Ligand SMILES: [Zn+2]
């Protein structure tokens with residue numbers, strides 16, 4: 001299946017707000033899901049607002065594949081194309097922006113808003129992992145530098161390649177809990193695949 005993009009058991013049909021800046025690449029392989037925090041408030045509409053910023057006349061020299069908040073997942077750049085989110089890893093990665101701040105505490109990441117956000121983001125990450133056969137393992141800087149495949153953060157990408165100073169989604173982001181949510185979501189997709197519900 002490598003190099004052959006799988007079809008999901010359901011087409012998520014996320015709303016699209018196309019980012020202004022990305023690099024056309026028509027990739028046939030993805031190695032990394034890279035997690036970010038948007039540095040934007042935890043409120044409904046934040047995913048749409050940040051996606052609109054990526055899309056607009058005043059767009060930054062940045063983009064991501066997806067923006068996620070508690071209620072919506074917005075697709076900004078098609079996965080085969082390269083978004084500009086984590087220098088060093090952009091060519092191999094899918095970038096996912098989560099509403100909230102890198103400075104959030106552990107309890108901030110467990111409030112009702114973040115609970116919905118993380119459940120929604122975990123489904124998206126599971127879909128990316130399933131589609132591109134990305135292992136559901138957490139990668140730190142040494143694994144990134146060794147070209148391993150898996151799930152990582154902007155912070156680890158920055159530490160690995162020193163091309164950015166960003167440390168999001170922050171020291172208190174509940175990575176292990178999130179990986180558990182991804183695993184659960186992945187098992188649902190994979191079970192549907194085994195039942196022949198996926199081509
Ligand atoms: Zn980031």
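Please treat every number below as a calculation from the coordinates, not as lab data. None of the values given here were measured: they were computed from a predicted structure. Reconstructed Cβ throughout: ideal geometry from the backbone, glycine too, with neighbour counts over all protein chains shown.
Details
- Spin-label model distance (nm) - residue 107 vs residue 171, 7 Å beyond Cα toward Cβ: 1.8 nm
- When 149, 20, 191 are arranged by Cβ crowding within 10 Å, least crowded first, meaning fewest neighbours, the order is 191, 20, 149.
- Relative packing of 133-143, 25-35, which averages over residues the other C-beta atoms within 10 Å, highest first: 25-35, 133-143
- Among 60, 112, 41, the residue with the largest mean-square fluctuation in a Gaussian network model of the chain, with springs joining Cα atoms closer than 10 Å, is 112.
- Computed helical MRE - 222 nm, the chain, DSSP H runs ≥ 4 contributing -39500 (n - 2.57), nearest 500: -10000 deg cm²/dmol
- Prolate/oblate/rounded call for the range 22-190, Cα gyration tensor, a/c under 1.5 rounded: rounded
- Beta bridge orientation in the range 22-190: antiparallel %, DSSP, nearest 5: 30 percent
- Relative contact order of the range 41-88, defined on C-alpha pairs under 8 angstrom at six or more residues apart (%): 36 percent
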